[in-house]
Amino acid sequence: MNEFDSPILSVRHLNKQFGNGCESCRTQNPEQMLKNYCPVCGTVYACKDVSFDVYPGEVLGIVGESGSGKSTLMKCLYFDQEVTSGVAYIHTYKDGKKNLFEESGQYKRYIRNHLMGKVYQNPILGLKMDFSSIGNIAEKLISAGERHVGTMEARGIELLDHVCIPIHRSKEAPKNFSGGMQQRVQIAKALSNKPPLLLLDEVTTGLDLSVQASVLDLIKNLQRELEISIVLVSHDLGVIRMLADRTLVMLEGRVIEQGLTDQILEDPQHQYTQQLVHSLL
Amino acid sequence: MENILSIEGLSKSFTLHNLGKHIHAIRDINLYLREGEFVGITGKSGSGKSTVLKCIYRTYCSQEGSIWYNSIRFGKINLSEVSEREMISLRKHEIGYVSQFLDVMPRTTARELVAQSIMEMGTDAQTADLQTENILQHFELDRELWDSYPTTFSGGEKLRLNIARAMVKRPRLLLLDEPTASLDHASKLKVKELLEQLIKGGTTMLGIFHDLEFMQDLCDREYSIENGNFTITH
Ligand SMILES: Nc1ncnc2c1ncn2[C@@H]1O[C@H](COP(=O)(O)OP(=O)(O)OP(=O)(O)O)[C@@H](O)[C@H]1O
Ligand SMILES: Nc1ncnc2c1ncn2[C@@H]1O[C@H](COP(=O)(O)OP(=O)(O)O)[C@@H](O)[C@H]1O
Ligand SMILES: [Mg+2]
Ligand SMILES: [Mg+2]
Ligand SMILES: [Zn+2]
């Protein structure tokens, strides 16, 4: 890759397994495995040797069937789960020289609070449902070091307005809101610390079509206005086609194919990707 | 004059795993474009015309041969080997593609669509808005349509918008895949007029046309393709 641009996030050889493994599965002999599951010891190999880069201002799509390891990957990147092995660098963090996964808890919190935002598929994981919406945002701002109540309130209202939650509802708790509104509060919260990197896990799944469209509109506009980088997990190829510049395809924990999104959709190389694309045409 | 594009020995086949099929779309294609030329490609349906354009634009990955492009940003590079990021940058700044189908974002108005295209190149929103109005006017797209959704447009309106979106970037190289198919005569004339303006502006174009006769007086040269192979017509 030449010098004209360099990635903001680089991930190399990320592995995540649930379970300790055994004699039978340690060699990953395909004949002894049921997909990514070892029937002898019950270990799940959720992410296997995953490597990729995310560039400034781009949307990187990740697609793959249920259980292929997409959410696990996102959780590892946000330190919700510990990786089994692998490295990740953020180029604006300590000159891109420190493996994020080996940093102390304190530094990991710093990275989460200042450099990343995340929207979970399930709003319960991303929001305190009983707090006011604006309180949810303030919480993230406080962890990012903000102390001034007036500033936080103003920023909270601005963000909620940005995601089309009217001021008069900003004090309401997300549990009163529809699924689409909850997702929008999550997005506002994730954006509150102005993170250069946003992780979105199936943000539109389970929402009805018109709400999906408004959430997608929002993401598209935010990305253009704020020029943030987004990693977008979705099993909806329509969403990926609309938003992602480049796309990774995952199968049983591995990245089996990656490329320009239109190339992945129109000239898929891998048998699985062809099946995935053609089943939706 | 220097070639802006030269394709050497290009082949592309598709392996369809689930059907157990292997399709040879194009074989050993050779083609060149000089800066500022307007070159047409003709051939029967299925002969591989679109495949050539899509290999250049990297929507398809070619297997053999090279696609040398003389880029402003990167110098002379092989489009079949450039990185994804370089290709994205070239698409934003140098190479445009127009197909007969308008690939639109849902809930994006004509105005937004064009403005997005301009902002991709790093232009600020205000300037983009201004340029958008100018180009929509230039393309004689009804003012009432500016703020409505292109999914509801007629074929001719979609096409004009599509070309407007590609043109507004003033690409150095514009790839046209049957932009006049299914248009009535008046709309075709309109497109022809626009292409003439592009030629005057110095854009190099490689185009597939449904009825080449109509375009013949615009073309500097023509390639005709048969069973995935070119013969040069004139
Ligand atoms: N905490 C856990 N303990 C054990 N196994 C887990 C755990 N979390 C995930 N897994 C397993 O890891 C694999 C990958 O799960 P993951 O949630 O990443 O899939 P996904 O690609 O996000 O799927 P979906 O599209 O259904 O959301 C699955 O086999 C899952 O059962
Ligand atoms: N994405 C694709 N997947 C599989 N086969 C394809 C694909 N695109 C084109 N082909 C095949 O390649 C050949 C050339 O097609 P194409 O370039 O579209 O022809 P033309 O544009 O000349 O009508 C045809 O046999 C077509 O079926
Ligand atoms: Mg998931
Ligand atoms: Mg064609
Ligand atoms: Zn085991």
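The values are calculated or read from the model by the stated rules, or taken from the named source; none is laboratory data. Remember, it's a predicted structure, so these values are computed and weren't measured experimentally. Virtual Cβ from ideal backbone geometry, glycine too; neighbours counted across all protein chains shown. For accessibility, only protein heavy atoms count, side chains too; no ligands or nucleic acids. Shrake-Rupley method; radii C 1.70, N 1.55, O 1.52, S 1.80 Å.
Could you run through segment A:1-34 and say how many residues are assigned to a loop (DSSP other than H, G, I, E, B) and among the aliphatic types (A, V, I, L, M)? Before you say what the answer is, go through the steps one by one.
Taking segment A:1-34 as the starting set, the residues that turn out to be assigned to a loop (DSSP other than H, G, I, E, B) are A:1-8, A:19-22, A:27-29, A:33.
Checking the rest, the ones that are also among the aliphatic types (A, V, I, L, M) come to A:1, A:8, A:33.
Here the count works out to 3.
Checked against (1) in contact with a helix residue (DSSP H, G or I) (Cβ under 6 Å, 6 or more places away or on another chain); (2) within 14 Å of another protein chain (Cβ to nearest Cβ), residue B:42 passes all but a single condition, namely (2).
Rundown of residues vs (1) hydroxyl-bearing (Ser, Thr, Tyr); (2) farther than 26 Å from residue B:84 by Cα, yes/no style:
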residue	(1), (2)
A:169	no, yes
A:172	no, yes
A:194	no, yes
A:205	yes, yes
A:213	no, yes
A:254	no, no
A:270	no, no
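If I filter segment A:151-159 for residues that are buried (at least 16 other Cβ atoms within 10 Å of the Cβ), modelled with pLDDT under 90 and touching a helix residue (DSSP H, G or I) at 6+ places or on another chain (Cβ under 6 Å), do I get at least one hit? Yes, that holds for at least one residue. Residues in segment A:72-104 that are at negative phi and either among the hydrophobic types (A, V, I, L, M, F, W, C) or open to solvent by 40 Å² or more (accessible area, probe 1.4 Å) (or both): 23 in all.
Collect the residues in segment B:27-52 that are more than 10 Å from ligand 2 (Cβ to nearest atom) and under 23 Å from residue B:210 (Cβ atoms), keeping them in residue-number order. Within segment B:27-52, B:29, B:31, B:33, B:37, B:38, B:39, B:40 meet the criteria. Every residue in segment B:61-90 that is facing chain A (nearest Cβ under 9 Å) and either of a type outside the set (Phe, Trp, Tyr) or in contact with a strand residue (DSSP E or B) (Cβ under 6 Å, 6 or more places away or on another chain) (or both), please. Residues satisfying the conditions are B:61, B:73, B:83, B:84, B:85, B:86, B:87, B:88, B:89. Inside segment A:1-24, residues that are open to solvent by 70 Å² or more (accessible area, probe 1.4 Å) and either away from chain B (no Cβ under 14 Å) or within 11 Å of ligand 5 (Cβ to nearest atom) (or both) make up a count of 5.
Tell me yes or no: at least one residue of segment B:14-26 is more than 13 Å from ligand 2 (Cβ to nearest atom) and on the phi < 0 side of the Ramachandran plot. Give the derivation first.
Here is the first cut: in segment B:14-26, the ones more than 13 Å from ligand 2 (Cβ to nearest atom) are B:20.
Checking the rest, the ones that are also on the phi < 0 side of the Ramachandran plot come to none.
Within segment B:14-26, none of the residues are more than 13 Å from ligand 2 (Cβ to nearest atom) and on the phi < 0 side of the Ramachandran plot.
Open to solvent by 10 Å² or more (accessible area, probe 1.4 Å) and of a type in the set (Lys, Arg) - does that describe any residue in segment B:53-63? The answer is yes; a qualifying residue exists. Please verify whether residue A:65 is at negative phi, away from chain B (no Cβ under 14 Å) and of a type in the set (Asp, Glu), treating the condition exactly as stated. Yes: the conditions hold for residue A:65.
Looking for whichever is in contact (Cβ under 8 Å) with a residue 40 or more places away in the chain, on the phi > 0 side of the Ramachandran plot and within 16 Å of ligand 4 (Cβ to nearest atom) here; the options are B:65, B:48. Which one fits? Break it down stepwise before answering.
On the way: B:65 fails: within 16 Å of ligand 4 (Cβ to nearest atom).
None of the others qualify; the one that does is B:48.
Scanning segment A:25-38 for residues that are touching a helix residue (DSSP H, G or I) at 6+ places or on another chain (Cβ under 8 Å) and surrounded by fewer than 17 Cβ atoms within 10 Å (Cβ to Cβ) gives a single hit, A:32.
For segment A:38-55, the count of residues that are in contact with an Asp or Glu (Cβ under 8 Å, 6 or more places away or on another chain) and within 14 Å of another protein chain (Cβ to nearest Cβ) is nonzero. Residue A:123 falls short of the stated requirement of being within 16 Å of ligand 5 (Cβ to nearest atom), out of contact with any Phe, Trp or Tyr (no Cβ under 8 Å at 6 or more places or on another chain) and away from every other protein chain (no Cβ under 14 Å).
Among the residues of segment B:12-31, which ones are more than 14 Å from chain A (Cβ to nearest Cβ), surrounded by 15 or more Cβ atoms within 10 Å (Cβ to Cβ) and not hydrophobic (A, V, I, L, M, F, W, C)? Spell out how you get there, then give the answer.
Step one: list which residues in segment B:12-31 are more than 14 Å from chain A (Cβ to nearest Cβ), which gives B:24, B:27-31.
Now drop any that are not surrounded by 15 or more Cβ atoms within 10 Å (Cβ to Cβ), which leaves B:27, B:29, B:31.
Result: B:27, single match.
For segment A:163-281, the strands (runs of 3 or more DSSP E) that sit wholly inside it and include 2 or more residues that are in contact with a Pro (Cβ under 9 Å, 6 or more places away or on another chain) and within 14 Å of chain B (Cβ to nearest Cβ) are A:254-260. Confirm whether residue A:237 is more than 16 Å from ligand 4 (Cβ to nearest atom), surrounded by fewer than 22 Cβ atoms within 10 Å (Cβ to Cβ), within 17 Å of residue A:59 (Cα to Cα) and of a type in the set (A, V, I, L, M). Yes.
Of the residues making up segment B:98-109, none is without any contact (Cβ under 8 Å) to a residue 40 or more places away in the chain, more than 12 Å from the chain's Cα centre (by Cα) and more than 10 Å from every other protein chain (Cβ to nearest Cβ).
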